[in-house]
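Q: Sharing a structure with you now.
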Amino acid sequence: MLSSLSVGLFGLAVLLPSTHARIPRLPRQVSTPQFINATATNVSSVALSINTKYTSLRNTTAPYLYGLMHEDISHSGDGGIYAELLTNRAFQVVPYGPVLTGWAPIGDVRLTLDVLHPLSDALPTVLQVDIPANATGEVGILNYGWWGMDVSPQTYNASFYVLANEPRYFDNQTTFTVSLRSNLTGETFVSEQIGPVKVSTFDYTQLNASIVNTVSAPNSNNTFALTMDASEVAGQTLYFGLFSLFPETFKDRPNGLRKDIAQAFYDMKPRFLRFPGGNNLEGVSVDTRWKWWKTIGPLKDRAGRPGNWNYFNTDGLGLMEYLEWCEDMEIEPVLAVYAGFSLDIWGQSGTDWPQDRMPEVLQEAIDELEFCMGDTSTKWGAKRAEYGHPEPFNIKFVEIGNEDWFSSTYPRRFTFMYDGLKAAYPNITYISTAYNENAEYTIDIPAGAYWDTHHYEEPSYFLGNFDFYDNWQTETDNEDVGVLLGEFSVYQLDTPDGVVNFSNPADVHVFYPRMISAIAEGVYALGGERNPKTVKLSSYAPSLQNRNWYNWTPNMISFEADPTKTVLSTSYWQQLLFAHYRGTETLPVTNTQGDFNPLYWQSSIEEETGSVYLKVSRRPHLHALESSL
C-alpha cells in the first residue's frame, strides 16, 4: 500500500528542552544562519508519500547504527562511570610523584607516604599511619571522594590492605571501623566493624566489609572514614594500600559501572561501544600509551598511567571491564587498537613508530585479540579465564588507531596493521581512522573495511551535509567501504566564517547541548539512516562530563557525585529517540509537494511487526505533525 501524509510548516521531532544553556555576556558579530531566514519565510507545506507495498525498493537498515563512544576524558572514567567512590585510592596520582590528595587524618595520627613497604610491584607507594604512644580516642583517616560521594540506601563494599610495622607492633588484636560521614557536620550515617584481627607484619592482608546503609544524606558532601581505637594501636605504625569503596553497580558487576550513568546509556538501546579512545588510546608519549595488558588482572597489579587529558588513570576500568560493559548491555565492542602513533607535544606531529619496529605494535594487537577471543588453550585466552571469564568474547569490529590524520605515516602503518590483523583474524571488520583529512595523502581503504570520520562543527555543517553520503561510495570510488560517524556534535553556534574556534569563545561556544544541537545532529543522523549501505555505525562524542573537572564541552551527559544531579541533554534524547524508533528496512518516501529544507525526513519499517516509523526534523523550530494515513 501507499501511505500519504501532509507535513505542515514546522514538521515533527520529539526532542526535549536544553538545560544549562548559556547566554553570551558580550556577544560579537554572529551570522544569522540562512536556515533561520528560510523557516521564517517558508510557509508552504510538504506532502509525503510512503511506499510500504513494494519490498524491492527497500534496503536493510544498518543494524549497529547507534552506539556509544567512551574514553577517559573529563573524569568520565575515574570519577565517572567507573563506580569507585574513593579518589587517589592507591596513591598513584602524579605528575611529580605520589601525593596525599583526597586524604586527611582523623585524630592524633601522622600521615606520610612510604615506598619501603610496597603493596606490589605495580603499586609501590602506600600510606604510613603513625599513632603516637599518648594518642587517645578515635584515630584514622578519611577520603573525600570524587568531589564528594553519594550516601543513599544501598549496600557499599569497602576494602583495603594493611600491614603492621614489626618493631612497633604489640602483637595485639585491632578492630577497624569503616563509616560514611558528613563532611559538613561530622555526622556518621552508617558504620561497620572489621575484626578484631591480628595484623600481619610480613604480608599485606586484605580486609573487606559490606556496609548496609538505610539513610540518605542531604547532599553529596560526604567522606569515607577508616578508624581505630587509640587504646589498641597507640605507639604503632600501620601501612595501608589500595583502598576501595564501591556502591551497588550496574547489573551488580564487581568493579563495575555507576548505576545511574550506565542505566542512562542502557536506556538508549545502543548497539556498540567504541573504546578505549580516542586520544587516550595513543598516550601522551609512546610509553604512556594504553597498554592493554597492564589494565587486566587484580587491581593491585594495575599501575595505572598518566592519561592524555591531564589526570592520572587508575586503569580500574580496563580491557576486561570494557568487555563486560558490552556484555552487560548486550552490545558489540568496537575495539580500538594502538597503531604506532602517540601525540606527544600537542599541535605538532607526534611520535610515529619506525617501520622496522611495527611488528611489535602488530603483536600487541594480535595478543589483545587473543585475550578477547582465544580459547583457554592459548596463552592470553588462559589469562582471560584466570581472571574470571573462560568464555571468549566476540569482537566484530577493530579500529586501527585513532585520528591518525595527524600523522604523515599512517598509510604505511595502516597497511601493515591491516594486513597482519586480517591474516590473523579474517572475519573482523577493520576501521581506518583516516581517509582524505591529511593533505599529504588519501588512504586506500580496502573493500569491506570502514572509515571513521569525526566532526565537531557548527549547526549549519550538519544541516548542510544531510545528503553527504547519498552517493559517497560511487563518487569516491569506495563502493565496498562503510563509514563510522565515530565522533560528532554541535561544538559552536554558526559564525560568519564558518570556522570552528577550539579556544571556545563564550559567545558562540556550546557549553551544554542546546535544542539547535539536537536538531542539527538529528538531521545529520537522518542522512546516515537513509544511506545504510554506507553509514554503518555512529556515536555522539564526548559522552560524559564530570562538572567538577572537565576538559571538553559539550557532552551528552553531565554529572556530579549526587546521582540526582545527572543531566541528560537534548543531544542524549535525540540519540535515544532515533535509536529506539527505527525499523529493519528503509521505506521509500516521495515528496509530492515541497522539498527538503526546512524539513528533513526518513522512514523505515519493522519487518516482523509491520510497524512503520517516520522521522521528521525541522530547523530550527519544532511543532506538531499533522498526518492522515
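Q: Of everything in the stretch 199-237, what is among the polar types (S, T, N, Q), out of contact with any Asp or Glu (no Cβ under 6 Å at 6 or more places or on another chain) and assigned to a strand (DSSP E or B)? Give them in sequence order.
A: Initial filter on the stretch 199-237 (among the polar types (S, T, N, Q)): 200-201, 205-206, 208, 210, 213-214, 216, 219-223, 227, 231, 236-237.
Retained after the next criterion (residues that are out of contact with any Asp or Glu (no Cβ under 6 Å at 6 or more places or on another chain)): 200, 205-206, 208, 210, 213-214, 216, 219, 221-223, 231, 236.
The answer is T205, Q206, N208, S210, N213, N222, T223.
Residues are listed down the side, and each one gets a yes or a no for (1) buried (at least 18 other Cβ atoms within 10 Å of the Cβ); (2) in contact with a strand residue (DSSP E or B) (Cβ under 6 Å, 6 or more places away or on another chain); (3) polar (S, T, N, Q); (4) part of a loop (DSSP other than H, G, I, E, B):
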site	(1), (2), (3), (4)
Y435	yes, yes, no, yes
D452	yes, yes, no, no
F468	yes, no, no, yes
N478	yes, no, yes, yes
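Q: Looking at this structure, is F416 closer than 23 Å to G350 by Cα, more than 23 Å from the chain's Cα centre (by Cα) and either among the aromatic types (F, W, Y) or outside any loop (DSSP other than H, G, I, E, B) (or both)?
A: yes
Q: Then there is this: If R413 passes every condition in (1) more than 27 Å from W309 (Cα to Cα); (2) touching a Gly at 6+ places or on another chain (Cβ under 6 Å) but one, which one does it miss?
A: Answer for R413: the failing condition is (1).
Q: Of the numbered conditions (1) touching a Leu at 6+ places or on another chain (Cβ under 7 Å); (2) in the same structural domain as N310 (by TED's automatic domain parsing); (3) within 30 Å of Y430 (Cα to Cα), P542 fails exactly one; give the number of that condition.
A: Here P542 clears every test but (1).
Q: Which residues, taken from the stretch 363-381, are out of contact with any Asp or Glu (no Cβ under 9 Å at 6 or more places or on another chain) and assigned to a helix (DSSP H, G or I)?
A: Q363, E364, A365, I366, D367, E368, L369, E370, F371, C372, M373
Q: On to the next question. Just checking, which of G107, G77 is in contact with a helix residue (DSSP H, G or I) (Cβ under 9 Å, 6 or more places away or on another chain) and more than 26 Å from T314 (Cβ to Cβ)?
A: After applying the criteria, what remains is G107.
Q: Failed condition for A47, given (1) at pLDDT 95 or above; (2) part of a strand (DSSP E or B); (3) surrounded by fewer than 17 Cβ atoms within 10 Å (Cβ to Cβ), with all others met?
A: Unmet condition: (1).
Q: Could you say which residue among P95, P63 is in a loop (DSSP other than H, G, I, E, B) and modelled with pLDDT of 95 or more?
A: Answer to the selection: P63.
Q: Might you check whether a residue that is touching a strand residue (DSSP E or B) at 6+ places or on another chain (Cβ under 8 Å), at pLDDT below 95 and on the phi < 0 side of the Ramachandran plot occurs anywhere in the stretch 71-87?
A: No, there is no match, as no residue in the stretch 71-87 is touching a strand residue (DSSP E or B) at 6+ places or on another chain (Cβ under 8 Å), at pLDDT below 95 and on the phi < 0 side of the Ramachandran plot.
Q: Here's something else I'd like to know. Only residues that are surrounded by 19 or more Cβ atoms within 10 Å (Cβ to Cβ), closer than 20 Å to N165 by Cα and either among the small types (G, A, S) or modelled with pLDDT under 95 (or both): list them for the stretch 98-128, please.
A: none
Q: Continuing with the same structure: Just one of T474, T442 is assigned to a helix (DSSP H, G or I) and either in contact with a Pro (Cβ under 8 Å, 6 or more places away or on another chain) or surrounded by fewer than 16 Cβ atoms within 10 Å (Cβ to Cβ) (or both); which is it?
A: T474
Q: Among the residues of the stretch 307-361 satisfying the criterion of being in contact with a Pro (Cβ under 8 Å, 6 or more places away or on another chain) and of a type in the set (F, W, Y), which is modelled with the highest pLDDT?
A: Once the filter is applied, the top-ranked residue is Y322.
Q: Another question, if that's okay. As an exercise: evaluate K533 against (1) under 21 Å from D467 (Cα atoms); (2) at pLDDT below 95 and give the number of the one condition it does not meet.
A: For K533, the failing item is (2).
Q: Of the residues that sit in the stretch 180-238 and are free of Cβ contacts under 8 Å to residues at least 40 places away in the same chain and of a type in the set (F, W, Y), which one is surrounded by the fewest Cβ atoms within 10 Å (Cβ to Cβ)?
A: So the first thing to find is which residues in the stretch 180-238 are free of Cβ contacts under 8 Å to residues at least 40 places away in the same chain, and the list is 184-202, 218.
Retained after the next criterion (residues that are of a type in the set (F, W, Y)): 189, 202.
Numbers: F189: 17, F202: 8.
The selected residue is F202.
Q: Residue check, Y161 against (1) of a type in the set (S, T, Y); (2) loosely packed, with under 15 Cβ neighbours inside 10 Å; (3) more than 29 Å from the chain's Cα centre (by Cα), all met but one. Which one?
A: For Y161, the exception is condition (2).
The values are calculated or read from the model by the stated rules, or taken from the named source; none is laboratory data. This one's a predicted model, so the numbers in the text were calculated from it and none came from an experiment. As a convention, Cβ positions derive from the backbone with ideal geometry for all residues, glycine included, and neighbour counts pool all protein chains shown.
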